[in-house]
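Before any comments, here is the structure.
The values are calculated or read from the model by the stated rules, or taken from the named source; none is laboratory data. Note that the structure is predicted; figures quoted are calculated from it, not measured. Counting neighbours? That spans all protein chains shown, and the Cβs are built from the backbone with ideal geometry, glycine included. Only protein heavy atoms, including side chains, enter the accessible area calculation; ligands, DNA and RNA are left aside. Shrake-Rupley method; radii C 1.70, N 1.55, O 1.52, S 1.80 Å.
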Amino acid sequence: MINLQEVKYILFDWDNTLAESRTCLVTTVNEILKKYNLPDWEHQKTKRDPNLSFRDNFPNIFGVDNAQDAYKEYAELYKQNVGKLLTTFPKVKETLEFLKSQDKKIIILTNKDRKLLDFELPLLFDRSLFDRIIAGHEAPKDKPYPEQAWFALQGWLAPQDFTPEKVWIVGDSKMDSDCAFSAHAQAIRIGKAIWGDEKKLSADIAYFSSFEKFFNFLKETK
């Protein structure tokens with residue numbers, strides 16, 4: 001059972017955890033796929049490597065020769081779309097504010113492109129809610145590897161001092177929980193995975209069907 005009194009660092013995934021960005025992502029990538037005369041995302045997503053970020057999957061989706069240009073086009077169009085399509089989930093903001101009031105360190109840990117993250121984050125939250133923000137390609141390795149979590153807590157906690165009691169990694173996907181397990185942190189999953197890669201959750205994962213359930217649990221265990 002997770003214990004709010006013991007945890008000191010809580011690392012949150014961004015896409016489909018703090019932000020409902022899937023709608024914007026799928027809408028945008030379908031427009032780019034159409035431009036390259038490729039099938040839509042429902043077909044192309046079968047080519048993705050679940051251990052790679054969306055950005056790093058572009059060679060698999062668009063082909064090696066087109067990947068760089070396709071991603072640039074995607075990123076520009078995403079920024080045009082995000083203002084009208086990006087939302088969050090019920091009780092996310094309240095959860096972050098509550099954890100802040102309990103003197104917990106709150107970190108964003110995402111494989112997302114920093115330029116896109118910095119563009120969309122202010123649309124949903126005050127940046128001051130977060131003590132640190134780590135985006136894709138900033139650590140020696142991204143999730144699901146432990147290096148991203150260790151990098152996120154540099155200067156606060158050494159890798160050998162990670163414990164599931166002190167550090168939580170909260171996300172929606174197997175990539176997030178695999179990162180938690182490999183870093184020796186507590187894996188917490190909320191809702192359904194963005195791409196549905198996993199049939200059954202490990203018993204070591206603390207699972208909540210919604211952020212509202214997570215929020216209520218935290219308030220009750222204060």
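Just a few scattered comments:
- Each Lys or Arg adds one and each Asp or Glu subtracts one; over the other residues with Cβ under 10 Å from the Cβ of Tyr9, this totals +4.
- Glu147 accessible area, 1.4 Å probe, all protein chains in place, Å² to nearest 10: 50
- Degrees separating the helix 114-124 axis from the principal Cα axis of the chain, which is the longest one: 60
- Inter-site label distance for Lys84 and Thr46 at 7 Å from Cα along Cβ, in nm: 3.2
- Neighbour net charge for Lys105 - beta-carbon separation under 13 angstrom, K R +1, D E -1: +3
- For the stretch 116-208: rounded, prolate or oblate by the Cα gyration tensor [a/c cutoff 1.5]: oblate
- Overall shape: prolate for the stretch 50-128, with the ratio a/c of the largest to smallest alpha carbon gyration tensor axis at 1.5 or above and a/b above b/c.
- With both residues required to sit in the chain, DSSP beta bridges show an antiparallel share near 5%.
- Candidate aspartates and glutamates for bridging to Lys104, where Cα separation is under 18 Å - those fewer than 8 sequence places away on the same chain excluded: Glu6, Asp13, Glu94, Asp126, Asp131, Asp161, Glu165, Glu220
- With a simple spin-label model that places each label point 7 Å from the Cα along the Cα-to-Cβ direction, the separation between Gln154 and Leu123 comes to 3.0 nm.
- Rolling a 1.4 Å probe across all protein chains gives Trp150 an accessible area of roughly 70 Å².
- Charging the Cβ of each Asp and Glu at -1 and of each Lys and Arg at +1, and nothing else, the dipole of the stretch 1-56 about its Cα centre rounds to 200 debye.
- Two-site label geometry, Glu147 and Glu97: point separation in nm, points 7 Å out along Cα→Cβ: 3.9
- Counting only Cβ charges, +1 for Lys and Arg and -1 for Asp and Glu, the dipole size of the chain around its Cα centre is about 300 debye.
- Peptide packing for 200-208, 108-116 was compared via the average number of neighbouring C-beta atoms within 10 Å per residue; ordered from the highest value, the list is 108-116, 200-208.
- Top positive-direction residue, dipole computed over the chain with Cβ charges, set Ala158, Gly83, Asn66: Gly83
- Dividing the Cα radius of gyration of the stretch 1-59 by its Kirkwood radius returns 1.17 for Rg/Rh.
- Packing here is the average count of other Cβ atoms within 10 Å per residue, and on that basis the peptides 57-65, 161-169, highest first, run 161-169, 57-65.
- The packing ranking, built from the mean of other Cβ atoms within 10 Å per residue, places the peptides 171-177, 119-125 in the order 171-177, 119-125, highest first.
- Residues in the stretch 114-136 that a label on Asn60 would reach, taking backbone N under 18 Å of a point 7 Å out along Cα→Cβ: 136
- The stretch 152-212, dipole about Cα centre (Lys/Arg Cβ +1, Asp/Glu Cβ -1), debye to the nearest 20: 140
- The Rg/Rh ratio of the chain, with Rg taken over Cα atoms and Rh as the Kirkwood radius over Cα pairs, comes to 0.96.
- Note on Glu138 and Lys213: the extension gain reaches 23.8 nm, defined as 0.36 nm multiplied by sequence separation minus the Cα-Cα distance.
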